[in-house]
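Here the structure is laid out as structure tokens; the discussion comes afterwards.
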Amino acid sequence: MASRQTLAVRGYRDRLKRGGWVRCEVKVHRDDVELIRDVATALRDPDRNASARALLRDRLGAPRGRGFKELLAACPVDLELDRPRDVGRDIEI
């Protein structure tokens, strides 16, 4: 039979899970502990979570995919993209 404390903890964790919360453990350098706690606090705060999430995604998110035109425009080599129009060849039938 479970103790009252075990049942209370289980109920608390079930309520968090229903609310969409997940416990997360990370290992960081001791100098960064307060920073990580501040980030977690900002993400939990309903008034600041949207702006904090947007800021973190802009700074740390995966780089967005670039299209082919953007890739060509960023090329360090001068590319000659114009070529003579080919109207085909004469074929005798």
* Structure fact -> Per the filter on the range 28-59, residues more than 29 Å from GLY11 (Cβ to Cβ) and part of a loop (DSSP other than H, G, I, E, B) are VAL28, HIS29
* of a type in the set (A, V, I, L, M) and outside any loop (DSSP other than H, G, I, E, B) - does that describe any residue in the range 76-88? -> no
* Structure fact -> With criteria (1) open to solvent by 100 Å² or more (accessible area, probe 1.4 Å); (2) in a loop (DSSP other than H, G, I, E, B), ALA62 comes up short on (1)
* Asked: out of contact with any strand residue (DSSP E or B) (no Cβ under 7 Å at 6 or more places or on another chain), of a type in the set (D, E, K, R) and open to solvent by 100 Å² or more (accessible area, probe 1.4 Å), is that true of ASP45?
  -> no
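The values are calculated or read from the model by the stated rules, or taken from the named source; none is laboratory data. These numbers were taken from a predicted model, which means no experiment stands behind them. Note: ideal-geometry Cβ built from the backbone for every residue, glycine included; neighbour counts use all protein chains shown. Remember, those area values only see protein heavy atoms, side chains included, never the ligands or the DNA or RNA. Shrake-Rupley method; radii C 1.70, N 1.55, O 1.52, S 1.80 Å.
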